[in-house]
Each structure stands twice: as C-alpha cells, then as structure tokens.
Amino acid sequence: MLVYWELFLAFFIPNMIGYGGGPAIIPLIEAEVVGRYGWMNAQEFAETLALGNALPSPIATKMAGYVGYDVAGIGGALVAIFATVVPSLLLMLGALGLLYRHRDSPRVKRMSQWVRPVIAMMMAWLTWSFFNEGLDSAGLMHTVIIGAAAAIALLRFRTHPAFVVLAALVYGGLFLS
C-alpha cells in the first residue's frame, strides 16, 4: 500500500508545482523517480522518455503509466496516471476562469514571461544530464554520432521526431547492445 502512496506523490507533486505542460515537468518527474525513490536510474529514465516521445499522447501520462506499471503493476499505473491527470485538470479549470478574466492584465502577462526562462533552464539541465549519461554509457563517439545524425535529421531534413527517436533506438540496438 505504501508503494501506491509513493507513486501518487511522485506524480502528484510535479504536476501540482510544474507549469508549462508535460515537457516542462519531466525534470521534476525525473527527480522523484530517479532521485527520491530510485525506481529507475538516469539511463533507464532517458530510454523511457525517448520511447514515450515516439508514441502519441501527452508525455507525462505515458511516463506515469509506464513507471507506475513497472513499479506496482496495473494498480500502480492507474494510481500514477490518476495523480498526473486529475489534479492538473482541476487546477486548470479553476485557473482558466481566473486567467481568462484577467487576460489583459499586465501582471498576468509578466507572470507568463517570467515562467518561460525557468522552463527553458530546466529543459537545458535535463538535456545536459541526458548528454552526460549518454557519454557515460555509450561513449563519446556514439553520443556524437547519434547527436549529429539527430540534429541533421531534425533541422536539415525536418524529419518527424518520432522517426529520429526510432532511428536512435535501432542504432543503439545494433551498436550498443
């Protein structure tokens, strides 16, 4: 029963304090799943995130479902998804009315402008930690090859990110297993 409570808190807290959607709360979820509870290591979390990004639907619910199932089976998946979806939905319904009423307020506009850099820094930190984990597990050569190929595919050829992630998974399966 304790594991269900821990799963609930691990996904409830990031969703309550996170602002900016699924990608913005991924570092908070990682801090809970990897740092606090130790259900995964950083490499497993990065692989789960990569696979989750290749699938349709919001990333936070996919992560919650996978981690919850991995930790405590179907019940764990349901608890983690519940902790992810319901609080955010209730808060957004309440906040939406308030923000809509004050949408032209300079204070509301300033608040949004201050949040964006924080989210950008959190995403940069997550990227840096994934890069370091890739260096530790795959080595410099493979990390550079995957990173350069992904950058070229995304920026030059405008390949859909799901295909880039799939290609990286295939590369990893062929050359890093």
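Worth pointing out:
- For region 23-69, the Stokes-Einstein estimate of translational diffusion at 37 °C and a viscosity of 0.692 mPa s comes to 312 µm²/s, using the Kirkwood hydrodynamic radius over alpha-carbon pairs.
- Each helix, a run of at least 4 DSSP H residues, gives -39500 (n - 2.57); summed and divided by the residues of the chain, these come to -27500 deg cm²/dmol at 222 nm.
- Solvent-accessible area of S112, all protein chains in place: 30 Å² (probe radius 1.4 Å, heavy atoms, ligands and nucleic acids excluded).
- Whole-Hz couplings from phi, Karplus 6.51/-1.76/1.60, listed for region 92-99; x for Gly and Pro: 5, 4, x, 6, 4, x, 5, 5
- Each principal axis of the Cα cloud of the chain was evaluated for its coordinate range; sorted largest first, these ranges are 54, 44, 25 Å.
- Per residue, the accessible area of region 2-137 comes to 60 Å² when a 1.4 Å probe rolls over the protein heavy atoms.
The values are calculated or read from the model by the stated rules, or taken from the named source; none is laboratory data. Remember, predicted model here, so these are calculated numbers, not experimental data. Accessible surface is based on the protein model in full, side chains and every heavy atom, while ligands, DNA and RNA are left aside. Shrake-Rupley method; radii C 1.70, N 1.55, O 1.52, S 1.80 Å.
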